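The values are calculated or read from the model by the stated rules, or taken from the named source; none is laboratory data. For clarity, every value in this text was computed on a predicted model and none was experimentally measured. Neighbour counts run over all protein chains shown; Cβ positions are idealised from the backbone, glycine included. Ligands, DNA and RNA are excluded from the accessible area calculation, which covers all protein heavy atoms including side chains. Shrake-Rupley method; radii C 1.70, N 1.55, O 1.52, S 1.80 Å.
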Amino acid sequence: MDHFTYAGGRLHAEDVPLDRIAAEVGTPVYVYSAATLTRHYLQFRKALDWTDHLICFAVKANSNLAVLKLLGDLGAGMDVVSGGEYARARAAGVPGDRIVFSGVGKTADEMRRAIAGGIRQFNVESEPELALLSQVAVAMGATVPIAIRVNPDVDARTHAKIATGKSENKFGIPIAGAPGVYARAAALPGLRVVGIDMHIGSQLTDLDPYRQAYAKMADLCRLLRDQGHAIIRLDMGGGLGIPYRRDNAAPPLPIEYGQVIRDTVGDLGCEIEIEPGRNIVGNAGVLLTSVVYLKRGEGRDFLILDAAMNDLIRPAMYDSHHEIVPVAEPPVGAEVAPVDVVGPVCETGDTFARGVELPALDSGDLVAFRSAGAYGAVMASEYNSRPLVPEVLVAGDRYAVIRPRPSIEEMLARDVVPPWL
Ligand SMILES: *Cc1c(COP(=O)(O)O)cnc(C)c1O
């Protein structure tokens with residue numbers, strides 16, 4: 001459920017009509033709903049209310065400071081994968097002891113910043129990273145809590161580009177080799193082993209891969225404890241999918257996911273961490289855009305929008321589907337006809353969807369891409385020198401621009417022409 005619904009014939013974000021935002025901020029623009037963000041976060045809290053836990057929002061899904069502050073103020077922790085994301089979480093007011101640092105390529109500089117600023121735990125993904133983290137921590141006179149990311153070799157049954165839990169993926173260490181790596185980690189100065197980490201993929205629509213992976217985690221936890229490691233935290237990763245199509249069977253709910261965690265690792269007495277990104281923010285955002293032209297072609301018509309693949313790359317990158325809906329509610333029984341929905345960028349890949357059944361639309365009409373709150377704005381670029389897409393946050397009948405659209409002059413001003421040219 002989300003808070004993007006028609007009222008009085010216009011699509012709203014909560015109580016704000018989207019055509020008002022389009023008129024005042026311009027298009028394209030991302031629009032997020034604070035009530036939806038809050039609702040989704042609270043669903044995870046309820047799903048884990050049977051145990052000590054921390055919900056670490058995966059910052060890479062949507063890293064706007066306003067979104068992070070909203071979630072942080074509700075008590076969320078953050079899962080970050082770069083020094084930049086760490087700085088964002090801190091700037092949004094999230095204390096270091098609620099921040100988990102993941103990622104396969106942490107640099108010494110990123111480690112230093114996180115240790116100096118405060119960190120809950122590093123999720124270490126390789127032996128060279130263990131060695132470097134130990135060195136950095138010792139040099140700073142610090143002892144840093146770590147979990148080791150293990151790769152359970154489970155098929156997450158999702159798109160190949162977002163599956164991370166198979167042995168051929170670059171993430172984590174093979175679970176079979178984990179005891180040896182834990183033993184070496186425990187012997188390194190500057191590190192304190194506290195947990196086990198897993199993240200098997202994104203947009204999972206089936207709980208079975210989780211069940212398999214978490215059962216392996218439980219076995220590993222018992223084995224490591226037998227070997228003398230004080231495992232007190234389990235980081236279950238993120239990845240729970242969202243409904244991108246209303247007509248499809250809905251993916252499992254957070255409450256059902258929480259039950260799988262309870263069934264598999266609930267008896268171990270560990271504090272549970274989860275790292276949901278998409279599930280919290282995906283359906284809390286739309287990309288609002290205007291029709292530039294309706295171009296009639298031979299055998300197919302093209303709806304050319306002012307949003308493009310540089311603003312929302314998911315269809316081009318992951319073949320993903322976003323529902324496209326007119327902002328003006330079509331009258332009941334309105335005729336629909338198939339159109340290819342495209343952007344203005346000079347790439348054939350700049351096609352959002354083919355043969356979408358839409359009512360008659362023309363220049364200036366507004367449409368919205370649903371489910372665009374996750375991996376949307378964060379992946380935007382200025383390709384074709386299109387200024388970075390702005391973002392708006394709605395709460396009730398209020399809204400605020402939470403990232404303004406740069407002017408073309410501001411965009412150009414970032415380049416430097418050397419004096420010797
Ligand atoms: C991307 C990522 C997540 C979040 O995945 P979602 O599918 O957005 O929930 C969580 N943890 C790690 C380590 C990630 O890389």
With the condition kept exactly as written, say whether any residue in the stretch 201-214 is closer than 16 Å to Phe122 by Cα, in contact (Cβ under 8 Å) with a residue 24 or more places away in the chain and of a type outside the set (A, V, I, L, M, F, W, C). no
Applying the selection to the stretch 22-46, what residues are farther than 30 Å from Ile232 by Cα, touching a Phe, Trp or Tyr at 6+ places or on another chain (Cβ under 9 Å) and within 16 Å of the ligand (Cβ to nearest atom)? Thr36
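So for the stretch 267-282 (the condition being assigned to a strand (DSSP E or B) and open to solvent by 30 Å² or more (accessible area, probe 1.4 Å)), does at least one residue qualify?
Filtering the stretch 267-282 for residues assigned to a strand (DSSP E or B) gives 271-274.
Right, trim to open to solvent by 30 Å² or more (accessible area, probe 1.4 Å) and you get 271.
Yes, there is a match, as at least one residue in the stretch 267-282 is assigned to a strand (DSSP E or B) and open to solvent by 30 Å² or more (accessible area, probe 1.4 Å).
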Tell me, please, whether a residue that is modelled with pLDDT under 95, closer than 19 Å to Tyr244 by Cα and not hydrophobic (A, V, I, L, M, F, W, C) can be found in the stretch 320-329. yes
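Within the stretch 86-104, take every residue that is closer than 30 Å to Leu268 by Cβ and more than 11 Å from the ligand (Cβ to nearest atom) and give me the one that is most open to solvent (accessible area, probe 1.4 Å).
Filtering the stretch 86-104 down to residues closer than 30 Å to Leu268 by Cβ leaves 86, 89, 94-104.
With the extra rule that they be more than 11 Å from the ligand (Cβ to nearest atom), the set shrinks to 86, 89, 94-99.
On the way: Tyr86: 14, Ala89: 0, Val94: 2, Pro95: 44, Gly96: 8, Asp97: 100, Arg98: 61, Ile99: 0 Å².
Of everything passing the filter in the stretch 86-104, Asp97 is most open to solvent (accessible area, probe 1.4 Å).
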Looking at (1) open to solvent by 20 Å² or more (accessible area, probe 1.4 Å); (2) in a loop (DSSP other than H, G, I, E, B); (3) not aromatic (Phe, Trp, Tyr), can you tell me which one Leu312 breaks? (1)
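Name the residue that is farthest from the ligand (Cβ to nearest atom), counting only residues in the stretch 283-301 that are surrounded by 24 or more Cβ atoms within 10 Å (Cβ to Cβ) and of a type outside the set (A, V, I, L, M). Let's see the steps before the verdict.
Within the stretch 283-301, the first condition is being surrounded by 24 or more Cβ atoms within 10 Å (Cβ to Cβ), and the residues that meet it are 283-289.
From what's left, of a type outside the set (A, V, I, L, M): 283, 285, 289.
On the way: Asn283: 12, Gly285: 13, Thr289: 23 Å.
Applying the filter and picking the extreme gives Thr289.
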Return yes when Ile196 is within 14 Å of the ligand (Cβ to nearest atom) and either closer than 30 Å to Val356 by Cβ or in a helix (DSSP H, G or I) (or both) and no when it is not. no
If I ask for residues that are charged (D, E, K, R) and touching a Phe, Trp or Tyr at 6+ places or on another chain (Cβ under 8 Å), which ones from the stretch 349-376 would you list? Arg370
Out of Arg149, Arg157, Arg222, sole residue that is open to solvent by 60 Å² or more (accessible area, probe 1.4 Å) and either away from the ligand (no atom under 14 Å from the Cβ) or in contact with a Gly (Cβ under 8 Å, 6 or more places away or on another chain) (or both): Arg222
Looking at the stretch 35-62, I want the residues that are assigned to a helix (DSSP H, G or I) and have a partner that is charged (D, E, K, R) and near the ligand (Cβ under 10 Å from one of its atoms) with Cβ atoms under 7 Å, at least 6 apart or on another chain. Which pairs are those? Val59/Asp79; Ala61/Arg278
Please list, ordered by first then second residue, the pairs with beta carbon atoms under 6 Å, 6 or more apart or interchain, first in the stretch 118-141 and open to solvent by 50 Å² or more (accessible area, probe 1.4 Å), second at pLDDT 95 or above and in a loop (DSSP other than H, G, I, E, B). Val138/Pro189; Val138/Gly190
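If you check Pro179 against the conditions, is it at pLDDT 95 or above, away from the ligand (no atom under 16 Å from the Cβ), open to solvent by less than 60 Å² (accessible area, probe 1.4 Å) and in a strand (DSSP E or B)? I'd like the intermediate steps shown before the answer.
Values: at pLDDT 95 or above: yes; away from the ligand (no atom under 16 Å from the Cβ): yes; open to solvent by less than 60 Å² (accessible area, probe 1.4 Å): yes; in a strand (DSSP E or B): no.
So Pro179 does not fit the description; no.
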Determine, yes or no, whether Arg20 is in a helix (DSSP H, G or I), surrounded by fewer than 24 Cβ atoms within 10 Å (Cβ to Cβ) and without any contact (Cβ under 8 Å) to a residue 12 or more places away in the chain. yes
If I ask for residues that are among the aliphatic types (A, V, I, L, M) and either within 16 Å of the chain's Cα centre (by Cα) or modelled with pLDDT under 95 (or both), which ones from the stretch 301-315 would you list? Leu312, Ile313
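I'm checking my understanding of the structure. Among residues of the stretch 47-85 that are among the β-branched types (Val, Ile, Thr) and buried (at least 22 other Cβ atoms within 10 Å of the Cβ), which one is farthest from the ligand (Cβ to nearest atom)? Show your work before the answer.
So the first thing to find is which residues in the stretch 47-85 are among the β-branched types (Val, Ile, Thr), and the list is 51, 55, 59, 67, 80-81.
With buried (at least 22 other Cβ atoms within 10 Å of the Cβ) added as a condition, the list becomes 55, 59, 67, 80.
Working: Ile55: 11, Val59: 9, Val67: 13, Val80: 10 Å.
Result: Val67.
Residue-wise test of (1) under 17 Å from the mean Cα position of the chain (by Cα); (2) assigned by TED's automatic domain parsing to the domain that holds Glu127; (3) hydroxyl-bearing (Ser, Thr, Tyr); (4) open to solvent by 10 Å² or more (accessible area, probe 1.4 Å).
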{"site": "Gly195", "(1), (2), (3), (4)": "no, yes, no, no"}
{"site": "His199", "(1), (2), (3), (4)": "yes, yes, no, yes"}
{"site": "Thr205", "(1), (2), (3), (4)": "yes, yes, yes, yes"}
{"site": "Gln227", "(1), (2), (3), (4)": "no, yes, no, yes"}
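Matching residues to (1) in contact with a strand residue (DSSP E or B) (Cβ under 7 Å, 6 or more places away or on another chain); (2) hydrophobic (A, V, I, L, M, F, W, C); (3) under 24 Å from Asp365 (Cβ atoms):
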site	(1), (2), (3)
Ile274	yes, yes, no
Leu294	yes, yes, yes
Arg300	yes, no, yes
Asp306	yes, no, yes
Met309	no, yes, yes
What pairs can you find where one residue is in the stretch 144-168 and more than 29 Å from Ile119 (Cα to Cα) and of a type in the set (Asp, Glu), the other is within 15 Å of the ligand (Cβ to nearest atom) and assigned to a helix (DSSP H, G or I), and their Cβ atoms are less than 8 Å apart, with a gap of 6+ or different chains? Asp155/Pro209
The number of residues in the stretch 229-265 that are within 11 Å of the ligand (Cβ to nearest atom), assigned to a strand (DSSP E or B) and touching an Asp or Glu at 6+ places or on another chain (Cβ under 9 Å) is 1
